[in-house]
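Bear in mind these aren't lab numbers, they're just calculated from the coordinates by the rules spelled out. Remember, it's a predicted structure, so these values are computed and weren't measured experimentally. Every residue, glycine as well, gets a Cβ built from its backbone with ideal geometry; the counts of neighbours run over all protein chains shown.
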Amino acid sequence: MKTRDKILESAKLLFLKHGLEGVKMQMVADEAGVNKGLLHYYYKTKAKIFTEVFSRVTGELFKDVKSLFEDETMTTDEKISKIVDAYFMLISKNKFLPVFFISEMNRNPEILITLGFADKVKALMEGATPIIPEGKPPGFAVHFILTLISLSAFPFMVSPLIDEITQDKKKTDEILLSRKEFVKDTLKNMLK
């Protein structure tokens with residue numbers, strides 16, 4: 001693994017565990033197995049590391065979802081299925097991302113601007129516009145994207161509760177898998 005990638009992966013784990021404010025540059029250096037001077041060679045500030053970590057984690061998803069919305073070879077139902085699959089895959093690989101993002105956003109709302117997240121969500125809403133049937137009320141695309149995000153992310157945010165209820169990690173995983181199908185059906189029904 002390249003040094004830069006090692007730093008970013010280590011930082012991601014630390015950010016998810018301790019939050020942005022709870023992570024110090026020395027912690028990132030130690031976790032990555034590099035000295036602090038080398039860390040500063042690649043990243044001058046913790047904010048720059050955070051921005052790149054977040055951009056890498058979410059960037060591919062937004063790019064993939066945008067291209068899926070624009071793909072004219074697929075039906076709307078196929079697009080929704082692939083978009084939900086992509087979103088669930090991102091979250092399942094980064095289970096603490098929704099909780100982390102919500103806590104950081106509430107702590108520092110300006111982070112949405114710094115990370116370009118609001119612009120990415122706006123682009124998703126614009127991308128969704130072509131699949132929205134005529135006759136839906138103004139702002140429907142906003143509700144469509146918010147429904148996708150909230151119905152997908154929330155179960156991961158409360159997975160410790162689901163673990164406690166089921167007392168079985170395998171059952172929790174089954175619930176999360178079936179949740180994906182529920183989200184697909186809900187979004188498809190929204191468009192009817």
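Stretched out fully, how many nm does the piece from D85 to V121 gain, at 0.36 nm a residue minus the Cα gap?
Working: separation 36, 0.36 × 36 = 12.96 nm, distance 1.76 nm.
Fully extending the segment from D85 to V121 adds 11.2 nm.
At 222 nm, what value in deg cm²/dmol follows for the chain if DSSP H runs of at least 4 each add -39500 (n - 2.57) and the sum is divided by all its residues, to the nearest 500? Before the final figure, lay out each step's value.
Details: 11 runs with 153 residues, N = 192.
Only helices count here, giving -25500 deg cm²/dmol.
Determine the relative contact order of the chain: mean sequence separation of Cα pairs under 8 Å and six or more apart, normalised by residue count, in whole percent.
Values: 139 pairs, mean separation 39.9, N = 192.
Once normalised by length, the contact order is 21 percent.
Give me the one-decimal nm value for the distance between modelled label points at N35 and K93, 7 Å along each residue's Cα-to-Cβ direction.
3.4 nm
Have a look at L90, L177, L39 and tell me which one the Gaussian network model of the chain (Cα, springs below 10 Å) gives the largest fluctuation.
L177
If you build the convex hull over the alpha carbons only and average its shadow over all orientations, what do you get for the range 43-150? Give it in nm² to one decimal.
On the way: hull surface 30.1 nm².
Here the figure is 7.5 nm², rounded to one decimal.
Just need log10 I(q)/I(0) for the chain at q = 0.13, 0.14, 0.18 Å⁻¹, Debye formula, equal scatterers on the alpha-carbon atoms, no solvent, rounded to two decimals.
Debye output, listed in q order: -0.78, -0.89, -1.23.
How far is the Cα center of the range 82-140 from the Cα center of the range 19-47, in Å?
28 Å
Using the Kyte-Doolittle scale, find the helices of the chain whose mean hydropathy is at least -1.0 and whose Cα atoms extend 20 Å or more along the helix's long axis, counting only whole DSSP H runs. Walk me through the numbers on the way to the answer.
Numbers: long enough: 3-22 (23 Å, -0.21); 46-70 (35 Å, 0.01); 76-93 (26 Å, 0.12); 140-157 (25 Å, 1.90); 169-190 (31 Å, -1.04).
Passing helices, by number: 3-22, 46-70, 76-93, 140-157.
Can you give the log10 of the normalised intensity I(q)/I(0) at q = 0.16, 0.17 Å⁻¹, computed with Debye over equal Cα scatterers of the range 1-90?
-0.67, -0.72
Among I113, I91, I132, determine the one that fluctuates most according to a GNM of the chain built with springs between C-alpha atoms less than 10 Å apart.
Of I113, I91, I132, the Gaussian network model singles out I113 as fluctuating most.
Name the lysines eligible as straight-distance cross-link partners of K17: C-alpha to C-alpha under 16 Å, and not fewer than 8 places from it in the same chain.
Filter leaves K46, K93, K95.
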